1. Measuring from a point 7 Å out along Cα→Cβ, what nm distances, shortest first, does A:E24 have to its partners in the other copies?
2. What is the magnitude of the charge dipole of the stretch B:169-308 about its Cα centre, with +1 placed on the Cβ of each Lys and Arg, -1 on the Cβ of each Asp and Glu, and no other charges, expressed in debye to the nearest 20?
3. With a 10 Å Cβ neighbour count serving as the proxy for reagent exposure, in which order, fewest first, do A:W215, B:W301 appear?
4. With Cβ to Cβ distances under 13 Å as the rule, what net charge do the other residues near A:A86 carry (K, R +1; D, E -1)?
5. Could you check which residue among A:I330, A:I268, A:I393 shows the biggest mean-square fluctuation in a GNM of chain A with a 10 Å Cα cutoff?
6. Hey, with R₀ at 41 Å, roughly what FRET efficiency would B:D314 and B:D28 work out to, going by the Cβ-Cβ distance, to 0.05?
7. What is the distance, in nm, between label points placed 7 Å from the Cα along the Cα-to-Cβ direction at B:D80 and at A:Q245?
8. Can you check how the C-alpha radius of gyration of the protein assembly as shown compares to 2.2 N^0.38 Å, as a plain ratio?
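Every read-out reported here was derived from the displayed coordinates using simple, explicitly stated rules and does not represent laboratory data. Note that the structure is a prediction, hence the values are computed from the model and not measured. Using ideal geometry, Cβ is built from the backbone for each residue, glycine included, and neighbour counts are taken over all protein chains shown.
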There are 2 protein chains.
Amino acid sequence: MLRLSTRAPGFAEAFARVVDDRRESAVDVADDVAAILKDVRARGDAALAELTAKFDGHDLDQTGWRIAAETCKAAFDALDPTLRAALETAADRIRAYHEAQMPENRDYTDAAGVRLGAVWRAVDAAGLYVPGGRAAYPSSLLMNAIPAKVAGVERLVVVTPTPKGEVNPLVLAAAHLAGVDEVWRVGGAHAVGALAYGTGRIAPVDVVTGPGNAWVAEAKRQLYGVVGIDMVAGPSEILVIADKQNYPWRIAADLLSQAEHDPTSQSILITDDEDYADHVAEAVELELGELATQATARTSWNDNGVIIVVESFDEAPELANRLAAEHVEIATDDPEAIFAQIRHAGSVFLGRMTPEAVGDYVAGPNHVLPTGRRARFSSGLSVLDFMKRTSFIQLDEAALEAIGPAAVALAQAEGLPAHARSVSVRLNK
Amino acid sequence: MLRLSTRAPGFAEAFARVVDDRRESAVDVADDVAAILKDVRARGDAALAELTAKFDGHDLDQTGWRIAAETCKAAFDALDPTLRAALETAADRIRAYHEAQMPENRDYTDAAGVRLGAVWRAVDAAGLYVPGGRAAYPSSLLMNAIPAKVAGVERLVVVTPTPKGEVNPLVLAAAHLAGVDEVWRVGGAHAVGALAYGTGRIAPVDVVTGPGNAWVAEAKRQLYGVVGIDMVAGPSEILVIADKQNYPWRIAADLLSQAEHDPTSQSILITDDEDYADHVAEAVELELGELATQATARTSWNDNGVIIVVESFDEAPELANRLAAEHVEIATDDPEAIFAQIRHAGSVFLGRMTPEAVGDYVAGPNHVLPTGRRARFSSGLSVLDFMKRTSFIQLDEAALEAIGPAAVALAQAEGLPAHARSVSVRLNK
């Protein structure tokens, strides 16, 4: 853990190093992924079967290519009732938040008599990558699938690796609850290629979202433009801005909730009191000892954790904007005052009773958020990622007489005479 | 030009070939671009100066790195008054359309007592690539710059190559009118790298938009994630759905208005009358003879033009959805009936008096639109490309008691005990 103080000499340089630190994997899989995508595009299902045998160690013709809807329903029905109710609470609240996010169409006629507007429509089909193994979270499935369904996507396809043929019942239960239409037992870059290009068995989709390893992320990057994708995700981050009125163990738990995700995750505390910083640091050490995930959390905290002591919380918004973190907790007396000055953040958690983890599961807003300072220019996943907008224009003779001559003048100036002609042949003068 | 009829044998296969035809450059510049970006990142301005001398044939220290605001204003003031008025009409109408596009913030408290919402904010800085030479269109500058300024972007930076040091006065005039903050005399992949990484002279931006050649497009692809980018653009396309009540020369002019953009552009006519198809084809040939841009337009029409005769316009929406074209004109008696069934299109032009070219210049909606069937999943440029959304959550004790236990259950099921703990330490029970 790195301890900084804004009043210490060299703070600016040390903080700049924190900001510029790229904790992302530098492994270059571009060539491998390009070869896999080419293979899937050329050979379709045969390539999928071979690559699944190679990477996941099972034979799709033996285990089955798809997981049936009944299997997903059975997994849901078999859940412990408390867990099932929790999953339903999460789904209901995520659905409600995203329903309120639906964009409105526009259709109006302006003073020149020009009818203008835009219509939003869902994409026809979306693909959702769900990782296998440790990172297979039912909450992630809900956070990706529900916005797609709310947007109106008619065909929602999950691809997920099932190493040695083993499935994750929690993920299947979530797929049932979210109304996923197809679940395929394929993962890796080849599964993303199958979604984008289509194979004999898997019809192509228009948008691919969902988290994955370096191969999956690179496949999405390379297929950007063939399909739509969500923002490439890096390691998780939390910035906690907390005063000494917070119990230290609560803030320590918040810091550790990101640290336990991955060794490359980052937890940062900004506080205005050196003693309080000590107390939180001590609480982190104590709590680490009790965590089943302590190996991961300890590496993350030791390698990437930062505590910054400021002279005053007036300094916090500028630091937060430089960090542009995925999650920002503001646990102070007047969180609104700080929030109003924060321009760049994926999601903000206001007040002492809003631990970030409620946002991961049940609050309603999406937990797929921009990482690695990308909150400077990108947003969390939303219904808009599964929709697109068609603008429209309608002129009558009078409207064309009013604005057409300007189009003719500009087309001529740009050296595009056919553009000019297409307008002028419709004008009276 | 390819002539098809839906009733002819082999139509399905022939149409599928039109749909699948990628008219995009296959030239692989990925390695060259990666080397240029690495160089710009490492050496900054020195790399820019060398690459500008090499590709554009001028010495930035001689010509100046920036084009002054006064130079842009002088170019605007020197415009022919008709052209200046046309440019102002265009800017005013584009601004009005995009102002009405601004998203609304949300802030509400739900039945569980959870405060939820989202705040939209502009990115701090945006970079706009403006090509040099033939494709340097003032209308493109307006279509990129005005949405950025409407969104609230405080720093809007144009990069544009000035081969042999020569500037395009129309582009400078448009930069003045749109309120561009900085204009730099650099182009190519290195200019995009400078915008993304920053150099000694050029401060980095958060989003890069604007058209460019294969190097520029590849640079944007490679920098996606370092900055936000607009959708990669391919050759322009128009689909005209027209009945025989339209004067053939008007429809011919519409088809040619896309054909004159580039030899790889594509113009497609769908009509329900074989004789009318002949008349339009003849009109195209006649008009081609009069066009200053006929070399380009003729190649485009001969190589990529298509006329499809349908038995009934009932067949048109399905064909249009397969093509998912950038521009769709519907010049029929009841354009609304067809429009209602079109799910995939960049922009739609309704009725006989709405040539696509009015949308290129003065109607108001953006002319930066998805090409190459990307209207299946992406939208035209808008204020949203220059903004991002921060969600927020606020719970009090009662709200946390209400929804917190579900978060604890899910976190435990996912094997994330610190997540669970960050909630449970705040609960009374």
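1. Reported distances to equivalent positions: 2.0 nm.
2. Magnitude of the dipole: close to 1040 debye.
3. Taking fewest neighbouring Cβ atoms as first place, the list is A:W215, B:W301.
4. Residues near A:A86 contribute -3 overall.
5. Looking only at A:I330, A:I268, A:I393, the biggest GNM fluctuation is shown by A:I393.
6. 0.45
7. A separation of 6.8 nm, rounded to one decimal place.
8. Details: Rg = 27.9 Å, N = 858, 2.2 N^0.38 = 28.7 Å.
With N residues counted in the protein assembly as shown, Rg over 2.2 N^0.38 Å equals 0.97.
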